[in-house]
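Structure first, then comments.
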Amino acid sequence: AIFTFFTGTGRALRSAYRCAPLNEADTKYLCPDSEPLEWFRDGFAHPLGTEEFWKDKRKFVDFTHMTKVPPVLLFAGWYDFFCVEQLHDFVALSKLSTDCRLVVGPYTHWHVLSMQPKLFRVLIDFF
């Protein structure tokens with residue numbers, strides 16, 4: 001249910017963005033027949049992004065112990081709630097490899113799923 005919510009026409013997603021308060025969008029739009037999503041609400045309970053809650057969530061991969069990395073292609077969106085983390089990961093990867101690229105566009109986090117044909121072309125060109 002939650003996956004199809006993000007891959008459909010986008011109508012439900014746009015409705016969720018207009019939900020007030022937004023921290024209740026999980027039970028109103030994402031999973032209306034379920035309990036509140038704690039991971040979803042935890043993020044809204046720490047809105048600044050600088051709280052202790054976010055400390056271990058600032059990067060997706062720990063690169064500190066890596067000496068070599070394979071070619072990496074990262075996709076990010078300016079409106080993605082993980083954009084900052086993607087940028088941090090790109091900076092860390094760039095220090096380990098010259099074969100690292102970052103594509104950033106006018107996307108939300110879930111918008112990337114609807115761009116599969118474009119993503120596949122970029123992936124084929126990259127590798």
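Values quoted throughout were computed directly from the atomic coordinates according to the rules given, and no laboratory measurement underlies them. Note that the coordinates shown come from a computational prediction; the quantities given were computed from them, not determined experimentally. Note: ideal-geometry Cβ built from the backbone for every residue, glycine included; neighbour counts use all protein chains shown.
Some values worked out for this structure:
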item	result
Environment charge of Phe40, counting only residues whose C-beta is closer than 13 Å and scoring Lys/Arg +1, Asp/Glu -1	-3
Modelled FRET efficiency - R0 22 Å, Val69 with Val103, Cβ distances, 0.05 increments	0.80
The range 18-127: translational diffusion in µm²/s, Stokes-Einstein, Kirkwood Rh over Cα pairs, 10 °C, 1.306 mPa s	98 µm²/s
Backbone HN-Hα couplings from phi across the range 83-90 [Karplus 6.51/-1.76/1.60, Hz, Gly and Pro as x]	4, 4, 5, 4, 5, 4, 4, 5
R0 of 35 Å, Cβ-Cβ distance His111-His46: FRET efficiency to nearest 0.05	0.90
Highest-first arrangement of 116-125, 37-46, where packing means the average Cβ count within 10 Å	37-46, 116-125
Global geometry of the range 26-80, whether rounded, prolate or oblate, following the gyration tensor of its Cα atoms and the 1.5 cut on a/c	prolate
